[in-house]
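Single-structure report; data block below.
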Amino acid sequence: MKTVNQRAWFFVLPVLLLVAFNALIPIMTVVNYSVQETFGNNLFFWEGLGWFEKLLHSDRFYSALGRQFVFTGLILAIEIPLGIIVALAMPKNGFWVPVCLVTMALPMLIPWNVVGAMWNILTLPDIGLLGYLMNHVLGITYDMTQNPTAAWITIVVMDVWHWTSLVVLLSYAGLVSIPDAYYQAAKIDGASGWAVFRYIQLPKMKSVLTIAILLRFMDSFNIYTEPFVLTGGGPGNSTTLLSIDLVKIALGQFDLGPAAAMSLIYFAITLLVSWVFYTLMTKDD
Amino acid sequence: MYFNGQHIPLEGPVDKTTGLTQIGIRPEFVLLTPHGLPATVRKVSDIGRHNVVELMLGDTSIKAIVADGPPALGDAVHVTFRQDHTRLYCDSWIASTAAGAP
């Protein structure tokens with residue numbers, strides 16, 4: 001029989017300390033703010049669950065949350081199928097493989113606020129390359145600074161441009177790991193292209209796609225920089241996503257208590273959706 | 001435009017007043033003055049460069065930025081809004097135009 005050596009826990013201790021320092025302690029300070037009202041000069045008053053209650057009754061929070069879900073839903077509905085299609089179309093071997101891979105990786109290497117600034121300059125109605133082309137050459141009215149629909153199209157297209165590559169690269173990694181024997185068997189059985197995709201490629205890509213959806217969900221649900229630089233939440237409040245509203249409350253209005261409560265609810269939603277999704281996807285494994 | 005029954009002069013003419021109307025004023029243009037709208041100080045946060053003072057005008061909370069010598073908690077004060085920066089928003093879209101603007 002194997003003896004259990006409890007001293008092995010000491011090896012976990014450094015990680016525990018590190019996580020405590022960079023995650024647990026910071027989040028506990030947020031919890032601390034979320035149940036108190038601060039008057040500056042380290043003067044705190046107990047507020048209980050008051051901020052949470054107010055937030056869950058505020059229309060402003062629900063509209064920002066709604067916009068956030070619409071944004072995440074839209075980009076997932078575009079990026080996941082598009083990423084799979086691009087990955088299927090990529091060559092499996094030869095000279096063009098590294099060319100494709102490097103080209104795909106380029107948008108992901110650009111810092112987030114640079115992406116926002118690039119798209120802002122590209123789409124400004126009178127001086128941007130795309131904005132000028134649409135308005136003054138093609139005659140299509142397109143003004144993301146005034147029109148909410150145009151602003152939404154711009155932030156969604158920007159995110160698709162920035163992050164579809166991630167889905168492509170993950171799907172491609174899943175695809176190249178399928179042994180040739182599967183394709184040979186499919187050929188012998190006379191399987192159609194759709195059948196090969198549905199019964200060989202898609203099941204083999206399931207685990208990487210789960211990760212791709214999870215990563216894209218979390219990143220897009222927590223997105224701040226790109227839409228903030230591009231539209232600043234406007235026009236009006238039409239692109240004020242949850243994180244943009246949160247920063248407005250915390251740093252614009254300096255309402256630290258409500259902002260802390262909102263952070264925790266925000267975090268809980270992200271965690272809950274990710275956990276439910278991951279559990280559902282992996283329950284058969 | 002009227003707020004809590006008090007007349008608030010806006011920066012200029014308003015082109016529509018449908019939907020949810022809100023008066024928008026940045027905290028740096030909310031001034032503590034000897035006369036004006038009566039308000040109570042609810043909170044003073046010293047954030048270094050200046051103080052963010054939260055004032056209650058009836059049930060509405062507004063923020064003012066006060067450089068030095070902020071009022072104490074619970075003080076009764078009076079505020080005025082700098083007229084050239086007092087805007088009107090309808091459904092979060094700006095509805096007022098600055099006087100003299102083209």
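Every read-out reported here was derived from the displayed coordinates using simple, explicitly stated rules and does not represent laboratory data. Bear in mind the structure is a predicted one, so any value in this text is a computation, not a measurement. Neighbour counts are summed over all protein chains in view; Cβ atoms, including those assigned to glycine, are modelled from backbone coordinates with ideal geometry.
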Give the cross-link partners of B:LYS43 among the lysines, using a straight C-alpha distance below 23 Å as the criterion and excluding same-chain residues fewer than 8 apart.
A:LYS54, A:LYS248, B:LYS63
Cβ charges +1 (Lys, Arg) and -1 (Asp, Glu), total dipole of chain A, debye
860 debye
What does the net charge come to around A:THR72 if you take all other residues with beta carbon closer than 12 Å to its beta carbon, with K and R at +1 and D and E at -1?
-1
Highest GNM mean-square fluctuation among A:ASN222, A:ASN22, A:ASN147, for chain A with Cα springs under 10 Å, belongs to A:ASN22
Could you tell me which residue out of A:PHE39, A:THR72, A:VAL208 lies farthest along the dipole of the protein assembly as shown toward its positive end? Charges go on the beta carbon: Lys and Arg +1, Asp and Glu -1, centred on the Cα centre.
A:VAL208
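Counting other beta carbons within 10 Å of each residue's own, what order do A:THR3, A:THR38 fall into, fewest first?
Numbers: A:THR3 4, A:THR38 19.
So the residues, fewest neighbours to most, are A:THR3, A:THR38.
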Cross-link reach list, lysines versus A:LYS204, counting only Cα pairs under 26 Å and skipping chain neighbours closer than eight places:
A:LYS92, A:LYS187, A:LYS283
Given a 10 angstrom Cα cut-off, can you work out which residue in A:VAL12, A:VAL30, A:VAL70 is the most mobile in a GNM of chain A?
A:VAL12
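In peptide B:50-58, how many Cβ atoms from other protein chains are near each Cβ within 10 Å, on average?
The per-residue average across the peptide is 1.
Among residues other than A:ALA259 whose Cβ falls under 11 Å from its Cβ, what is the net charge (Lys/Arg +1, Asp/Glu -1)?
-1
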Extreme residue, positive dipole direction of chain A, given options A:PHE11, A:ALA260, A:SER171 (C-beta unit charges):
A:PHE11
May I ask you to list the trypsin sites (Lys or Arg not before Pro) in the stretch A:60-123 that are in a DSSP loop and have at most 16 other Cβ atoms within 10 Å of their Cβ?
A:LYS92
Dipole in debye (nearest 20) - the stretch A:133-285, about Cα centre, beta carbon charges: Lys, Arg +1; Asp, Glu -1
320 debye
